[in-house]
Amino acid sequence: MLLRTEHPLLRVVRLRSLRAVRWLQSRLANDADTSGQGLVITHAEVERYLRDPWQTWLEEDSFYRSDPEACVLSSAIESAQETLAEDPVWFDLCKRFELAQDERDLLSLAAAVDLDPALRRVYAYLHDDLAAINATPHLAARLFTRAHWSPPSPGGGLMRWALATPVASGPDRWGRLTPWQADAALARVLAEGLWSDPELDETRAMQCAGSHRVLPHCGFPDALRQLQERYEAARSLGQAFIAHLVAPAGAGRKTLAAQFAARNGSSLLVCDAVVIAGGAESAPALALRAVRAGKATGAMVCFDHGEALSAEAARAVAQPGVAVILCRTSREEGSIAHPDIQSCCVELDPLSREARSSFWQALSEAPVPALVTSRRLFAGEIASLAFSCDGTRAPVRVPSPLVQVLPLPYRWDDLVLQEETRSLLREFQQQAELRWYVAEDWGFSRLTPLGSGITALFAGPSGTGKTMAAQVMARELGLDLFRVDLATVVNKYIGETEKHLKELFDTCDRANALLFFDEADALFGNRTQVKDAHDRFANIEIDYLLQRLEQFDGLAILATNRKNDVDSAFLRRVRFLIDFLPPGAVERRAIWRKALPDETPAGEVVLEGIDFDALATKLTLTGASIKSAALGAAFLARAAGSRITMEHVLAAVRRETAKQGGVYRAHLWGESDG
C-alpha cells in the first residue's frame, strides 16, 4: 500500500525514490554470488557498467516498464506528477521564477527533505553513501529518469533567485554529486501556502510591507506615463528596470509607485533600504530576498530611503524582467550604467492646485478646504489632513536646526505703520495667497521658470516693526515663521556656509512656513573686490545664495537695517522692497495707545493722567522703544502700588533713551536737566 503524503511534491519524491529502491533491490538480487556477498556494489554490477554504461540506464528504464510493482509505481508517479503540476503554490512558484524542468526536479528533491527530514536517509541509501543526505544533480537525474542532465547554470532561475544553493564553494559546487539545499522560504511556502522569508523577517526590513493605498486619481500623470514607457521598453528587451523617484518625503512617491504597480497588475511591497543597508556584507543578498519576495507574491518592490542602497545591492536586485522602485530625496547618486539595466530617474514636482483638489476629493467626501488650494502641499500632507483632521490646519513639519520658530501673537490691528508701508504689506499677502491661481490657472508660471517663490525685503532702522510685520504676515497666511539663525549658518571654514544654506533651503523650500532672515545684510551684502582666497570664497557664498534664492519655491522675508549694503543683484530678485520708516507723531500716538491700555483684562483702571498727545509729539521714539518704555512704566507703577502715571512713563523713557545713547530733554516736561 502506497504511503499517503500531505503535499504532492513529497508524494512525487517518495514514489520516485521507492521505484528506484525497487530497481536497486532487483539488481542486488540478480547480481548476488559468493564473491559479491556482503558488498553493496557487486562485482557483476561494476563489470556491466564498465562494459556499457548506456546499457545500464536502458535496463533500468526497461525494468520500470516491465516489473509489475514498478509499473504500479510508475502509474502512481504519473498521477502524483499531474497533481503536483496542478498544485497552485508549486505551479505559481515555477512559473514566476521561470524554472526549467531540470531545475524543478532538483528543487523538488531539495525541498522534500525539509518537509520530511527522514528522506535524508533515503537519499543516503540511493547515493550508496551514508554522508550523502542531500539532493544532488546525480540523484535528480536518476529519480526523474533523465539520461542527459547537467547542474543548474548561474543564469537560471534557481540560482539567480537563490531558491536552492549548492553546499560547496569554488569549482566543486558545479559537480554532479554536489549537495544542494533549498532556501528556508521554500519549505514555508510549500507547507503553509504563503511566502515568508525567515531571514528577511528577522531584519524587520519589510515592517512597512503591504499593498500601498492605490488611488483612482494620479497626481503625476506625466511621471506615470514616463515610467510605463521605460518599463515596457525594458520588458521588450528582456532588461531589468530600476526607477528612481526623486522628491522629498511625503511628496507621493509611494503612492505613484503603487499606481504604477497597479497599472501592471501588481501590488506594491515596500521595504526599508536603511535596514537592508545596516548589514553591509549581507545587503546585496537581503535586497535580492526582498525583490524575490515581491516576485513570489506578484508585487513590485519599492525601497524607501533608496539612497541608502549601495551600488552593489542595486545591481543585485536588477534582474531581467523585474521592476524595482527606489524612493529617494535627491538624485546626487547616479543611476546604474549597465547594458542589461534600464534605469529611469523621475523627479516629482509639487502637485498643482487642480491636482491637489482632485487628490483631496479622492480621499475625502468633505469639501476641499482652502488650505489645500492655497498651499502647495504634498500628497502625504493632504492625506494627513484628510485622514486625521478636519482640514483646517496645516500639518506640522519639523524645522531645521538652522532655524528658530517664532511665536505669532500679532494681528493686523496690532501693527501701526504708515499707509504706504501697510499697503505694500497687504499686496505681499495677496500675492502669497493667490500665487498658485495666477501661476497655474492663468499660466503665468512661464514668467518664473526657476521658482514660484515670493521674496520681500523689509528695510529700516531697528525698532520700526520689521519682525512684527513678519509675524503678522505668517499668522495671516496660516504659516509658521522660521527665523534663520545666522550664527549657525555662517561658518568661517570654506564651503561650510554653502552646505548650511543648502540644508536650510532644502528643509524650508516645501515647509509650511515663512522663512525670515533677520539682519540679512550679513548674508546678502555687497560682493567685494577679490584680493585673496577668502574674498573669492565669500563671493562664491553670495553667488550660491542668490542662485538658491531665485530657485526658492516658498515665501521669504529678509530684514535689514542697512539697505545700501545689500547686493544690487539680490535687490533685482526681490518681489517687494518695503521701507519701514520711523513712526511719525500720528503713528507714535497710536503705538502709545496700544502699549498703554486704559484697563486690565479684568476691567481695572490702570492709567492716570497720561498725556498721549505730548508723548507722541515730544518723544521721537521707535515703536520698539515705546513698547519697552510702556513695559518699564508698568513695572514702576506696580512696585509703587499705584496706577501708571506720566511720572512713571517719563522715568521709563529716560532709562530707554539712555540705554540707546540718546538725549532725554527734561525741559520739555518742565523738569530740571540736572
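Summary table
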quantity: The range 585-669 shape via C-alpha gyration tensor axes, a/c threshold 1.5; calculated: prolate
quantity: Approximate spin-label separation ARG121-LEU194, in nm, with each point projected 7 Å along Cα-to-Cβ; calculated: 3.5 nm
quantity: Ranked packing of 436-444, 370-378, most packed first, by mean Cβ within 10 Å; calculated: 370-378, 436-444
quantity: Loop-located GluC sites (Glu not before Pro) in the range 573-643 whose Cβ has at most 11 other Cβ within 10 Å (DSSP); calculated: GLU604
quantity: FRET efficiency for THR600 and GLU420, using Cβ-Cβ distance with R0 set to 45 Å, rounded to 0.05; calculated: 0.80
quantity: Stretchable slack from ASP611 to ARG22, in nm (0.36 nm times residue separation minus alpha-carbon distance); calculated: 200.0 nm
quantity: Förster radius 56 Å - calculated FRET efficiency between ALA585 and ARG446, Cβ distance, rounded to 0.05; calculated: 0.75
quantity: Contour excess over end-to-end distance, with Cα ends at LEU571 and ASP128 and 0.36 nm allotted per residue; calculated: 150.5 nm
quantity: Cα centroid of the range 52-106 to Cα centroid of the range 608-648, whole Å; calculated: 103 Å
quantity: Whole-number percent relative contact order across the range 8-196, with pairs defined as alpha carbons under 8 Å at least 6 apart; calculated: 21 percent
quantity: Neighbour-limited loop hits for GluC sites (Glu not before Pro), the range 95-195 (at most 16 other Cβ within 10 Å; DSSP other than H, G, I, E, B); calculated: GLU98
quantity: Burial ranking of peptide ranges 10-16, 570-576, 119-125 (average Cβ count within 10 Å, highest at the top); calculated: 10-16, 119-125, 570-576
quantity: Distance (nanometres) between label positions extended 7 Å along Cα→Cβ at GLN181 and ALA285; calculated: 1.0 nm
quantity: By average C-beta atoms within 10 angstrom, highest first, the peptides 468-477, 223-232; calculated: 468-477, 223-232
quantity: Computed E for ALA370/ALA100 - FRET, C-beta separation, R0 45 angstrom, nearest 0.05; calculated: 0.15
quantity: Per-residue ³J(HN,Hα) for the range 377-386, Karplus 6.51 cos²θ - 1.76 cosθ + 1.60, θ = phi - 60°, Hz, x for Gly and Pro; calculated: 7, 7, 4, x, 5, 5, 4, 4, 5, 5
quantity: Cα-Cα over 24 Å, subset of LYS254/LYS295; LYS466/LYS659; LYS466/LYS499; calculated: LYS466/LYS499
quantity: Cα gyration tensor, the range 221-347 - rounded (a/c under 1.5), prolate or oblate; calculated: rounded
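Just so you know, all these numbers are worked out from the coordinates, no wet-lab data involved. Since we're looking at a predicted model, the values are computed, not measured. Quick reminder, even Gly has a Cβ in these numbers, built from the backbone with ideal geometry, and neighbours come from all protein chains shown.
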